[in-house]
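**Q** Before anything else, here's the structure in question.
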Amino acid sequence: MKILVQKFGGTSVANLECMKKVREKVLAGLARGNKMVVVLSARSGETNRLLALADEWSNTPDKAECDVLVSTGEQVSIALFTMLLKDAGVRARSLLGWQIPMTTDDDYGRARITDIDSAKLRAALEEYDVLVVAGFQGCTEDGRITTLGRGGSDTSAVALAAALGSVECEIYTDVDGVYTTDPNICSTARKMDRVAYEEMLEMASMGAKVLHIRSVEFAKKYKVPVRVRSTFTDDPGTLVTQEDSSMEALLVSGIAYDKDQARVTLHEVPDVPGIAAAVFGPLSEKGVLVDMIVQNTSLDGHTDITFTVSRKDLNQTLAIMDEVARKIGASEVVHDVNVAKVSAIGVGMRNHSGVAARAFAALTQEGINILMISTSEIKITILIQEKYVELAVRILHDTFGLDWDIN
Ligand code: ADP
Ligand code: ASP
Ligand code: MG
């Protein structure tokens, strides 16, 4: 049985007209002799609407109930779309996460997939030509509904592709591929024909929301080729695949940015062993993910520790830090939410030095102050004031020769 997994994002299923475009893609897949698993997101704006409802009803919305609530967006999409398929005479049915089942852990709001009953899906594909699956959702072993984190339908799709041995996983969205940077903020961004899993992982984790980071982790682990393409064109899109030598020719292949950052500093922390554990231990216990960390050099036995977290975790982080500061004797805790990070990514950086220096020089020339820096083998990340983020993306895009060649 040849199985193809296709996933359509929120803008692709926004209304009847868009869903008819989606149906054309699915019918084309069937015409190529595939059995199809079609993963859908909630219609655009719906997940935000539901999350806002939760905040209206409760100051501290229960996480498990939040998942019951937000997962309904995808339920609406799959029911409506399956009706459209049946109108066209296709043997199709919808499937919610628990009906598969798509089993996850119980980390509500960002659950991880632990198992997919692929035998049951294969059996269903004997009876139906298309299974329309609700993305973003799963269920715990004891049957409670979970969601996989914002953008998680990509992960549902790639996980299903891995479990079913789909030749390729097609991710349909509102842009026709992965670009050198977000085409919606940089008009000179170029579409890439291919991108390495490693680079895509860094781009996704640095804020390029075109693919959910865990979907890329799955794709890399199970070697699933992922093709990002547009629902509204016939462009072949971008293939996310294993690295090859041609990809190393480029020093930097993409620029990503993330505005979901808040910076927290603990001033005058005693510079003694165990302090970092005392600061970051309580945060990790509460499930707060810390992103960038900088510790200043010691002055008179004291130092400053600065780190960033997601803005949604800021209040919780500040409450924890107030207690930590009192315990370890830090003088004060300050924070800033008007920050964002910009990253330059490329597997070519492994064999070249000087990328960071070029990036800093270009930003300095435009008067952009660098607040924090972090680097890895294939990326450099810079924290700056949020108001400069779009300018910084364009400057770095230009500095590393990624601009669209107008000639
Ligand atoms: P969907 O609802 O289909 O899942 P998303 O909004 O999650 O779509 O992702 C698509 C968006 O990702 C694009 O509209 C674009 O603004 C943004 N994006 C950010 N970085 C990139 C990039 N490097 N290449 C393409 N799109 C990007
Ligand atoms: N509907 C979810 C969200 O908006 C999941 C997704 O679209 O991938 O985050
Ligand atoms: Mg998305």
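The values are calculated or read from the model by the stated rules, or taken from the named source; none is laboratory data. Worth saying up front: this structure is predicted, and the values here are computed from it rather than measured. Please note: Cβ atoms are built from the backbone with ideal geometry, for glycine as well, and neighbour counts cover all protein chains shown.
**Q** Could you look through the range 74-99, keep only residues that are touching a residue at least 60 places away in the same chain (Cβ under 8 Å) and either within 16 Å of ligand 3 (Cβ to nearest atom) or charged (D, E, K, R) (or both), and pick out the one that is surrounded by the fewest Cβ atoms within 10 Å (Cβ to Cβ)? Spell out how you get there, then give the answer.
**A** Step one: filter the range 74-99 for residues touching a residue at least 60 places away in the same chain (Cβ under 8 Å), giving 74, 77, 80-81, 84-85, 88, 90.
Retained after the next criterion (residues that are either within 16 Å of ligand 3 (Cβ to nearest atom) or charged (D, E, K, R) (or both)): 74, 77.
Values: Glu74: 30, Ser77: 28.
So the residue we want is Ser77.
**Q** Tell me the residue from Thr188, Thr238 that is out of contact with any helix residue (DSSP H, G or I) (no Cβ under 6 Å at 6 or more places or on another chain), farther than 22 Å from Ala14 by Cα, surrounded by 24 or more Cβ atoms within 10 Å (Cβ to Cβ) and not hydrophobic (A, V, I, L, M, F, W, C), please.
**A** Working: Thr188 fails: surrounded by 24 or more Cβ atoms within 10 Å (Cβ to Cβ).
It is Thr238.
**Q** Being within 14 Å of Glu170 (Cβ to Cβ), out of contact with any Cys (no Cβ under 7 Å at 6 or more places or on another chain), within 16 Å of ligand 3 (Cβ to nearest atom) and assigned to a helix (DSSP H, G or I) is the filter here, so list the residues in the range 1-45 that pass it.
**A** Listed by number, the list holds a single entry, Val22.
**Q** Being within 20 Å of the chain's Cα centre (by Cα), surrounded by fewer than 19 Cβ atoms within 10 Å (Cβ to Cβ), within 15 Å of ligand 2 (Cβ to nearest atom) and basic (Lys, Arg) is the requirement here; does Arg49 meet it? Can you show your working first?
**A** Values: within 20 Å of the chain's Cα centre (by Cα): yes; surrounded by fewer than 19 Cβ atoms within 10 Å (Cβ to Cβ): yes; within 15 Å of ligand 2 (Cβ to nearest atom): yes; basic (Lys, Arg): yes.
Criteria met by Arg49.
**Q** A follow-up question, please. Taking the range 325-358 as the region of interest, how many residues are over 28 Å from Asn369 (Cβ atoms), more than 23 Å from the chain's Cα centre (by Cα) and part of a helix (DSSP H, G or I)?
**A** Here is the first cut: in the range 325-358, the residues over 28 Å from Asn369 (Cβ atoms) are 326-329, 347, 350-351.
Next, only the ones that are more than 23 Å from the chain's Cα centre (by Cα) stay: 326-329, 350-351.
So of that shortlist, the ones also part of a helix (DSSP H, G or I) come out as 326-328, 350-351.
Of the residues in the range 325-358, 5 are over 28 Å from Asn369 (Cβ atoms), more than 23 Å from the chain's Cα centre (by Cα) and part of a helix (DSSP H, G or I).
**Q** Residues Ala162, Ala157: which one is more than 9 Å from ligand 1 (Cβ to nearest atom) and surrounded by fewer than 23 Cβ atoms within 10 Å (Cβ to Cβ)? Explain how you work it out, then say what you get.
**A** Values: Ala157 fails: surrounded by fewer than 23 Cβ atoms within 10 Å (Cβ to Cβ).
Exactly one residue qualifies, and that residue is Ala162.
**Q** Name the residues in the range 356-377 that are in contact with a Ser or Thr (Cβ under 9 Å, 6 or more places away or on another chain) and within 15 Å of Gly254 (Cβ to Cβ), would you?
**A** Scanning the range 356-377 gives a single hit, Ala359.
**Q** For Gly207, all conditions in the list (1) at pLDDT below 95; (2) touching a strand residue (DSSP E or B) at 6+ places or on another chain (Cβ under 6 Å); (3) closer than 26 Å to Val26 by Cβ hold save one; what is the number of the exception?
**A** In the conditions (1) at pLDDT below 95; (2) touching a strand residue (DSSP E or B) at 6+ places or on another chain (Cβ under 6 Å); (3) closer than 26 Å to Val26 by Cβ, Gly207 misses (3) alone.
**Q** Only one residue in Leu121, Leu160, Leu131 is over 28 Å from Leu50 (Cα atoms) and either touching a Leu at 6+ places or on another chain (Cβ under 8 Å) or of a type in the set (Lys, Arg) (or both). Which one? Break it down into steps so the answer makes sense when it comes.
**A** Working: Leu160 fails: over 28 Å from Leu50 (Cα atoms); Leu131 fails: over 28 Å from Leu50 (Cα atoms).
After ruling out the rest, the residue left standing is Leu121.
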